[in-house]
Structures are given as structure tokens and as C-alpha cells.
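Engineer: Below you will find the structure I want to go over with you.
The values are calculated or read from the model by the stated rules, or taken from the named source; none is laboratory data. Treat the numbers as computed from the prediction; the structure is a model and nothing was measured. For neighbour counting, all protein chains shown are included, and Cβ atoms are generated from backbone atoms with ideal geometry for every residue, glycine included. When the accessible area is computed, the model is the full protein with side chains, heavy atoms only, and any ligands, DNA or RNA have been set aside. Shrake-Rupley method; radii C 1.70, N 1.55, O 1.52, S 1.80 Å.
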Amino acid sequence: MNDLVPLFQPKSVALIGASSNSKKYGYWTAKSLIENKFEGDIHLVSRSGGEIFGRPTFPDILSVPGEVDLAIIAIAPKFILPVMEQCVEKGVKCAIVVSTGFGEVGPEGKELERQMLEIARKGNMRVQGPNCMGTYSAAKSMNASIIDLAPGPMSLVLQSGNFGIDINFNAKSRNLGYSCWATIGNQMDMRFHDFVEYIEGDDDTKCLLLYMEGLRVESEEDGRKFIEAAQKTAARKPIAAIKIGRSAAGARAAASHTGSLAGSEKIFDAALRQAGIIRVDSPNQLLDAAEAFSKCKPARGKRIAILTDGGGHGVMATDFAEKFNLEAPVLSDATQAKLREILMPHCPIKNPVDLAGTPEADMWVFDRCLEVLLDDPDVDGIIIVGLYGGYADLSEEFRALEMDVARSMTERIAAGDKPVVMHSIYAPQNPECLEYIRENGVPVFGEVDAAVRTMGVLSGYGDLRKALAEEAAGELPDMPADRREKAAAIIDAVRKSGRVNMVETEAREILRCYGLGVGEDYLVAGADEAAEIYRKIGGKVVMKIVSPDILHKTDAGGVALYIESEEMAREAYERLVRNGRLYKSDADIMGVMMTPMLPGGVECIIGSSHDNTFGPTVMFGLGGIFVEILKDVAFRVAPVNMPACRSMIREIKGLGMLQGARGSKPCDLEALAETACVVSHLVNELRDIAEVDLNPVFAWEKGLAIADARIVLHS
């Protein structure tokens, strides 16, 4: 049984801190439980005694008869520890601590949380909060919160009670309600992944909404559990999330509000996408997504048809389509022929389909054109934009016609297999026909961009779901069986020398352990040896200083290119060592590395950093100077398989440079993806590693070459 079943489906609830004072939380919660007719036993616990709402009270939870599945605790922090002890003694399965004044206020509050959790774990009691506004479950008619919530098809899990109030006002105006609703506050025990995992099995939830300030993590496994739970749930039902704290100031505010760690915003964004979660930016966008997911058919692709009764709105929708990752292609000749039979010769029919004044003469053109577009196999979704709902202002006859056409269109849409959304400038007025359309399965928006963005969300979820399936079935990279043992020996040697910075020769050996192709290299300790090795290599040679104290070799004048003779090798050795001493007089210089000089290519970077929330990550982008100037990189939480690495490469803005810009030959994208894939598994397996920086990686038409490698261990 899932640990959260007693939270959302309790047979009995005890409210500790129940009150007859209408200004107190214990009064509001008791009132909510009773008035919503919770389908179970309600026990009110109050030290003041007497009756509350005509019900007897108990002095403590130990006095309550029978078993208690869920305790709601609304008392001051100074009284919390003995009450937690009593709950454990009573055998309470779950507790909701709505009180404030814990980890969000500072170290003393964090210590109190630690003690509370220690007590709870002695009795295997799960705890929601503290610093939260409770829980709602439509399945049990249980409103254990102070907000007026109603049943419906969406579930909402959030960190902010105030945001819960905000979004609920909007949800009511759309006639949307909840299957499950929970504010999780400081995430002392129950974390986002617990709720996501529970809701995956809730058949009454059609979509899950999240409001996130951050994940509370005791270790990186908490972040990874969230990704795993979300991936499993998103494969069955859509998840949309607001994650605040994009800016540095926003991240600070989020941390002070709930004690969350903001982490790296770019990595968090990548992790949400990797988890199959649609990210939105505002409460309205979150509910737009919820309404569409609750009402619309799934989108099979990006190709949309736009049906409009005004050219301006149609063109605007077409512009927004590109912005929101949709396509508005020219309709097929067969579809245009069918539309031409319906519409006047002056009506544009390529896409958008512009009714251009026709509805005033024949309102049914909306329905007949919609039928044609729904039947087109090359159309994945339809957006209706313009003035529908306003024709009733012309006459009573038009009002009746709009209703008749609305009934026919909604029946047609319900029988079809494509999502349809509508925009109308009359949506704020909510005329009868638009209300009917909205109540019968078609979201209606007052802004064109909202309608198109929401269709983009439907399409985006289809893409994410496909990506999840591909990644789950994706192939693993080919790596040597003894890679870990060999790499561990190198790491141990570095540790024993008291270092965390690997020199490049050591980093290249780590890469070789994982089967990554790095060319031959030689570490020389003198000018004569440099000349001797040059004779062995021949051609053009690169020489680099090797020192754990000089990470950025170019800055120290520690790189020499185009070495083409023994004499040049001798001179370069002496110069590189001299430059190293000038850069850092006490640097530990191990020698100079010599390698054959590589032919140029498109410079890429493949790397890894350690994120406080999710652990090791993998990064891909354009390398060399581009990574510093453009910062055109994509991330994934490691490890990932080949499909995710291919997708990561396609995300960067500079993809055109890799695909063969301005007549140049395309690069070997598969080789780049495979290298990134191996690096992702390398850093996941070798947790001593804090950073990997392969920059530049020269991408060629066939294959690639790692020109420079840097690895740093955790201190």
C-alpha cells in the first residue's frame, strides 16, 4: 500500500488543536471537515474541552477511541514534540502539521523539524508540512484545509498556501475542481516525489499540476526520486508545473520562504523536461493547461489548422504557432477542394481557413469547415479564433443559430480524435453559446496567444511522452567491462597525492577506461626527451604543460601549437616550464604532454557538473570561445541513454553549425551523442568526480576528437 493512502483515503481523522474560536485555524479546519461531510470519523482534540460544532472534544489524541489514520495538528511549535510522541503511541499513520514557525524561520526551527521527524520515524508515521494549508481528497469528501475546494479532474500539489488560494479563485471561474489537493510546505518528510507517485495511481486525476519553489533534498537521491516518479506518472497522465526562482533574487526569496534549495535553474529546467513535465510561467497558464488536458483529445503531432472568421486573428494565430513550437502547414489539395465547395471564392483556404464574412450569411460554415479539418489526416489539432459568440448581438435569430452550431460542433469534436481549442474576443462576457462549448469539452480563451500556447502544451506533452518511451527503451553505450576498477585506481592515486585536480594525462586515462577515443599522448620531463618523443610522433605536434596547479593552461602560456621539429620541441618545453613558473612560482609541474596535432572541426564542449539537487549532470554545447560568450548548452541529469543525448544536441541554438551551415559538411551527430552518453554514465558511476570538461571536442564529418580534457574530484 502506498504510504499516502491514509492521507488521501483515511477512515478516521483527528484534529489536534480544534477550537471554538472563529479566529483560529483549528476552528476553520473543523468547520471545513464537517461541512464537506467527510466520509469517515471526525475526532476533535482540544485542551479547552467542551463541544465544538455540537461535537464532543477529547483532551488528547490518546483519549480518542479506536484507530486514527490521519492527525491534523494545528498547535504552536512549542507544544509539538509531546503531541508527536502521542501520535506515534496512538499508531497514527499520517500527520499534517499546518502550524508555522519551523524550518522556514531559521536554525532553531530546522532543529525542531529534525526532532519531529526522528519521533515520526520511530512509529513509521508520515508527516506532511509543517507550514502548510492541509489536504483535500474528493474520494473521501475530505477537505482538511481552510480553502473552499470542489471535486474535479485535476490534482494540485504546491508549496504555497497563498498560491493555492490564488489558483482556486481562477479554477472556480472555469468550473474546474480537484481529485487530490495538497500543500506540502517545508517538505520535512513528505516530498514532491511521494505525492507524484501516489497520484500516478489515482484514476480520477486526469492531469497533475505542481507549484514548486524547490525540492528539499537530504541527498541527491531525493532529486532523482522526483525525476523517476514524474517519469512514471507522466507516461500515464500529463504533469504541468510552475517552478519559481528563475532569477537570482527569486531564488533567494524561494529559499527564505520554505527553506528550499534553489539549485541551478538551467539544470532544474532540464530536469523537469527530462521528467516529462510541461513547464509554464503563471497561474493562468497552469489552469489553461489543466483545462486542455482535462477536456481535449491527445495531440498526435504539431500540425495545426486555424479556422477563423477574421483575417487578423488568423494571421496572429499563425505567428504564435511558430513561437509555441507548432506548425501551420498549407492544407492538402484534397482538403482545400472540400473547403472550396463550402466557402465563397474570395475566402482564403490554404491555412488559416478564413471564413471572411461568410457566417453572417450562413453560420453553419463553422461546423462544415470544422468537419473537413477534423477529417484531414494531415491535421493534428484545430484552433478556432475570432468572433464566435458575438453574432448573438446582431439578432435573436443569430443567438439561436450560434447555439445550434455550437451543439453540432461540440458533438463533432467529441466524436473526433483531435484536440480543438477556441479563442473568442467575447470569452470574458461568457455568452450562452461559449459557456455551452466550454462545458462540453472545448477550452475557450479570451486571448489568441493563450489558445495557441495551450495547443502547444498539448503537442508538447505528446513529444515528452514519446521521448520518455524512447529513453526507457533506449540503447546503452558500449563500454569496457572493467572500466570502474581501472578508473577507481587512477582516482585513488590522485587522492593519495592529496589532489582533487587531475592533470590532463590522468583525465585522458579515465576517458580511455570508458572506451572514449583519445589519441596517444606522452609525458616528458626534459627538453631532450621532448626532442626524442617528437621524432617518434613526427608531423605537427601540440605541447601542454602538466600541473595540477595550472588548470587553465592557455592563461598561463602553457600551450604550444604547430611544433614541427626536434629543436622546436626542445625550445617549447623550456618555454612552457618557464611560463608555468612565472604564472605560479610554487606550481607542481609534472612535465609537458605531447600529442599529435589534430585537424580542426566544429568546436564542441561535452562536460559534467554536480548539482546539489540532482547530482551528476551531463552537458553539451558549442565549445571553444562560444561556450563562454554564447553559453549555448543543454543539460541532462546523468545517466541518460542515446535518445536523450540526441535530443540534447538538437536543443542548442547553434545546431545549424553542426548540420553543415553555409555549404560546410555536416558533423557526425551520432558520434557526439555517443560521447555525451558515455560521459553521462562515467560521472554517474564515478561519484568521486565533481566536474568534467572536454573542451574543445572537434566534431568532424566522420567521428570526433577530444582535444583537451579536465577532470576535478570532489574535495
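Engineer: Largest first and in whole Å, what are the equivalent-ellipsoid semi-axes of the chain based on the Cα gyration tensor, each being the root of 5 times an eigenvalue?
Structural biologist: 54, 41, 18
Engineer: Tell me, in nm to one decimal, what length is gained between Gln429 and Glu532 on full extension, where the rule is 0.36 nm per residue of separation less the Cα-Cα distance?
Structural biologist: 28.5 nm is the gain from fully extending Gln429 to Glu532.
Engineer: Can I ask one more? Please give, to one decimal in nm, the separation of the simple spin-label points placed at Lys297 and Ile629, each 7 Å out from Cα toward the Cβ.
Structural biologist: Between Lys297 and Ile629, the simple spin-label model gives 4.9 nm.
Engineer: Using only Cα atoms, find the angle between the long axis of helix 669-685 and the longest principal axis of the chain, and express it within 0 to 90 degrees, rounded to the nearest 10.
Structural biologist: With rounding to tens, the tilt is 80 degrees.
Engineer: Which value at 222 nm does the chain reach when only helices count, each DSSP H run of 4 or more adding -39,500 (n - 2.57), with the total divided by all residues and rounded to the nearest 500 deg cm²/dmol?
Structural biologist: After summing the helix terms and dividing by the residues of the chain, the value is -12500 deg cm²/dmol.
Engineer: Evaluate E = 1/(1 + (r/R0)^6) for Glu470 and Phe53, where r is the Cβ-Cβ distance and R0 equals 56 Å; express this FRET efficiency to the nearest 0.05.
Structural biologist: Computed FRET efficiency for Glu470 and Phe53 comes out at 0.55.
Engineer: Something else about it: Express the carbon and sulfur contribution to the solvent-accessible surface of the chain as a percent, rounded to the nearest whole number, probe 1.4 angstrom.
Structural biologist: Its accessible area is 51 percent carbon and sulfur atoms.
Engineer: Please give the peptides 388-397, 610-619, 683-692 ranked by average Cβ packing (other Cβ atoms within 10 Å per residue), highest first, as a rough proxy for protection.
Structural biologist: Ranked from most to least packed, the peptides come out as 610-619, 683-692, 388-397.
Engineer: With a 1.4 Å probe and every protein chain left in place, work out the accessible area per residue of the chain in Å², rounded to a whole number.
Structural biologist: So the chain comes to 42 Å² accessible per residue, rounded to a whole number.
Engineer: In debye, nearest 20, what is the charge dipole magnitude of segment 509-665 about its Cα centre with +1 on Lys and Arg Cβ and -1 on Asp and Glu Cβ, if you could check?
Structural biologist: That gives a dipole near 740 debye.
Engineer: Tell me the label-point distance for the pair Ser408, Ala481, using the 7 Å Cα-to-Cβ offset, in nm and rounded to one decimal.
Structural biologist: 7.1 nm
Engineer: Same structure, new question: Where does the charge balance sit around Trp700 when Lys and Arg score +1, Asp and Glu -1, over other residues with C-beta under 11 Å from its C-beta?
Structural biologist: 0
Engineer: How do the peptides 345-357, 443-455, 200-212 rank, highest first, by the average count of neighbouring beta carbon atoms within 10 Å per residue?
Structural biologist: Descending packing order for the listed peptides: 443-455, 200-212, 345-357.
Engineer: Return the FRET efficiency for the residue pair Arg650, Asp393: r is the Cβ-Cβ distance, R0 is 41 Å, and the value is rounded to the nearest 0.05.
Structural biologist: Taking R0 as 41 Å, the efficiency between Arg650 and Asp393 is 0.25.
Engineer: Once label points are set 7 Å from the Cα along Cα→Cβ at both Glu85 and Trp700, what is their separation, rounded to one decimal in nm?
Structural biologist: Going by the 7 Å Cα→Cβ label model, 7.3 nm.
Engineer: Charges at C-beta only: +1 for Lys and Arg, -1 for Asp and Glu. How large is the resulting dipole of the chain about its Cα centre, in Debye rounded to 20?
Structural biologist: That gives the chain a dipole magnitude of about 1160 debye.
Engineer: Give the angle, between 0 and 90 degrees and rounded to the nearest 10, that separates the Cα long axis of helix 365-375 from the longest principal axis of the Cα atoms of the chain.
Structural biologist: 50 degrees
Engineer: In straight Cα distance, which aspartates and glutamates are under 17 Å from Lys78, not counting same-chain residues fewer than 8 positions off?
Structural biologist: Asp60, Glu104, Glu108, Glu111, Glu113, Glu118
Engineer: Which pairs, out of Lys237/Lys297; Lys243/Lys418; Lys544/Lys584; Lys24/Lys243, put more than 23 Å between their alpha-carbon atoms?
Structural biologist: Lys243/Lys418; Lys24/Lys243
Engineer: Can you order the peptides 595-607, 548-560 by their average number of other Cβ atoms within 10 Å per residue, highest first?
Structural biologist: 595-607, 548-560
Engineer: Let's see if you can work this out: charge +1 on each Lys and Arg Cβ, -1 on each Asp and Glu Cβ, no other charges. What is the dipole magnitude of segment 163-214 about its Cα centre, in debye to the nearest 20?
Structural biologist: 340 debye
Engineer: Pulled fully out, how much extra length does the chain show between Lys11 and Arg687, if you take 0.36 nm times their separation in residues and subtract their Cα-Cα distance?
Structural biologist: That works out to 238.9 nm of additional length.
Engineer: Enter the angle in degrees (range 0 to 90, nearest 10) between the Cα long axis of helix 483-496 and the first principal axis of the Cα atoms of the chain, meaning the one along which they spread out most.
Structural biologist: Tilt relative to the chain: about 70 degrees.
Engineer: Could you calculate the FRET efficiency of Ser715 with Lys110 from 1/(1 + (r/R0)^6), where r is the beta carbon distance between them and R0 is 22 Å, rounded to 0.05?
Structural biologist: 0.35
Engineer: Let me ask something additional. Can you give the three extents of the C-alpha atoms in segment 72-200 along their principal axes, from longest to shortest, in whole Å?
Structural biologist: 43, 29, 24
Engineer: Distance from a point 7 Å along Cα→Cβ of Glu360 to each backbone N in segment 305-335: keep the residues under 16 Å and list them by number.
Structural biologist: From segment 305-335, the list is 309-312.
Engineer: Hey, can you grab everything whose amide H is under 5 Å from the amide H of Leu622? Only 5+ residues off in sequence or another chain; H modelled, so Pro and N-termini drop out.
Structural biologist: Correct list: Ile605, Asp632.
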